[in-house]
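Down below is the structure, laid out as structure tokens.
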Amino acid sequence: MGLKLVVLAAALLAATSVSRGVGFLQTRQLPDGSFAERGQPGYPQLTAWATLGLTAAGTPPQAKGLTAKYLVAHEAQLASATDLALVVLAEEALGQKVDGPLARLRALERPNGSVGGLVNGTAWSVLALRGNGSPVHGATIRWLLSRQTRAGGWSWSPRGAADSNDTAAVVQALRSAKVKGRPVERGLRFLLRFRNRDGGFELTQGRGSDAQSTAWAVQAFLAARKPPPSGALAYLKRLQRPDGSFRYSARYTTTPVWVTAQVLPALARKAFPLAG
């Protein structure tokens, strides 16, 4: 009975953290349906992140229809595969048809299998396609697998240094495409190199723990159907501020809408894509 009470208490605490984060994000929605940092205009990428965070928490944007219209109206501004895929994921979460932006993503596919030539953009494109239930070319998965470093991680670009965030994104992409086994296991082991004593994860070694890197790591483990690393969720909860937002790290408070939007899926124990 004691153990059950402990588990129940932890679940209630997580629910409280998530609901407070949701409450904060809802205050940052503008009349046109977009989301913005205080005193700043809204923009598609941040609006997409807020949409994904709220949806993962089980609470779509309050003005859901306006948010969908805003994202569709600003699709032409999106040039990179990463940005296109991010907005596709958000539109999918809102129940929108995404044929147009998906076609633009397909147009960025290269003969080698990459989408736009970058690891990050290719991983996000896989997530967007799988969120829609669309097939992913085998060449794309093979290209991602070929970009795994000897240490087990992935970087933003084909020849860059591997980091925790891109590794976590690729792990989620591979799992969405039903890839499992050694590549995923190596990726998770690589991620653990970035875990610190405070329970958090850092982007690159020596940088220090931050909320977004920790959230990404948690989502990678969830995608692989493994429990989040010990202390990671507790680290995230310690960063929550009285207004419900999350600090970037123990030392810095910056871009609270963006940070909170990325933390919520991890606390809600949801990996990307949210649909599909």
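The values are calculated or read from the model by the stated rules, or taken from the named source; none is laboratory data. Since the model is a prediction, treat every value here as computed from it, not as a measurement. When we count neighbours, we look across all protein chains shown, and the Cβ atoms used for this are built from the backbone with ideal geometry, even at glycine. Areas reflect the complete protein model, heavy atoms only, side chains present, ligands, DNA and RNA absent. Shrake-Rupley method; radii C 1.70, N 1.55, O 1.52, S 1.80 Å.
From the list 230, 213, which one is within 17 Å of the chain's Cα centre (by Cα) and of a type in the set (S, T, N, Q)?
Of 230, 213, the one residue that is within 17 Å of the chain's Cα centre (by Cα) and of a type in the set (S, T, N, Q) is 213.
Restricting to segment 132-159, name every residue that is in a helix (DSSP H, G or I) and open to solvent by 10 Å² or more (accessible area, probe 1.4 Å).
138, 139, 141, 142, 143, 145, 146
If the Cβ limit is 6 Å and pairs must be 6+ apart or interchain, which residue in segment 214-243 that is outside any loop (DSSP other than H, G, I, E, B) pairs with which residue that is basic (Lys, Arg) and open to solvent by 40 Å² or more (accessible area, probe 1.4 Å)?
Hits for this filter: 222/269; 223/175.
Restricting to segment 25-40, and then to whatever is under 13 Å from residue 255 (Cα atoms) and assigned to a loop (DSSP other than H, G, I, E, B), can you tell me which residue is farthest from the chain's Cα centre (by Cα)?
Per the criteria, the residue is 39.
Out of curiosity, is residue 55 more than 17 Å from residue 176 (Cβ to Cβ) and surrounded by 23 or more Cβ atoms within 10 Å (Cβ to Cβ)?
Here the answer is no, as residue 55 does not meet what is asked.
Could you list all residues from segment 219-256 that are within 15 Å of residue 17 (Cα to Cα) and hydrophobic (A, V, I, L, M, F, W, C)?
Hits for segment 219-256 are 232, 233, 234, 236, 239, 246.
Is it true that some residue in segment 134-152 is out of contact with any Cys (no Cβ under 8 Å at 6 or more places or on another chain), at positive phi and at pLDDT below 95?
No, because not a single residue in segment 134-152 is out of contact with any Cys (no Cβ under 8 Å at 6 or more places or on another chain), at positive phi and at pLDDT below 95.
Going through segment 160-172 one residue at a time, which ones are buried (at least 19 other Cβ atoms within 10 Å of the Cβ) and either among the hydroxyl-bearing types (Ser, Thr, Tyr) or not in a helix (DSSP H, G or I) (or both)?
Those that are buried (at least 19 other Cβ atoms within 10 Å of the Cβ) and either among the hydroxyl-bearing types (Ser, Thr, Tyr) or not in a helix (DSSP H, G or I) (or both): 162, 163, 164, 167.
So is residue 204 outside any loop (DSSP other than H, G, I, E, B), β-branched (Val, Ile, Thr) and either open to solvent by 50 Å² or more (accessible area, probe 1.4 Å) or under 24 Å from residue 270 (Cβ atoms) (or both) or not?
Here the answer is no, as residue 204 does not meet what is asked.
Sort out which residues of segment 173-188 are part of a helix (DSSP H, G or I) and not small (Gly, Ala, Ser), and write them in order of number.
Scanning segment 173-188 gives 174, 175, 182, 183, 184, 185, 186, 188.
Name the residue that is least open to solvent (accessible area, probe 1.4 Å), counting only residues in segment 64-102 that are in a loop (DSSP other than H, G, I, E, B) and out of contact with any Pro (no Cβ under 8 Å at 6 or more places or on another chain).
Within segment 64-102, the match that is least open to solvent (accessible area, probe 1.4 Å) is 98.
Restricting to segment 178-201, count the residues that are of a type in the set (Asp, Glu) and open to solvent by 100 Å² or more (accessible area, probe 1.4 Å).
Going through segment 178-201 one residue at a time, the tally reaches 0.
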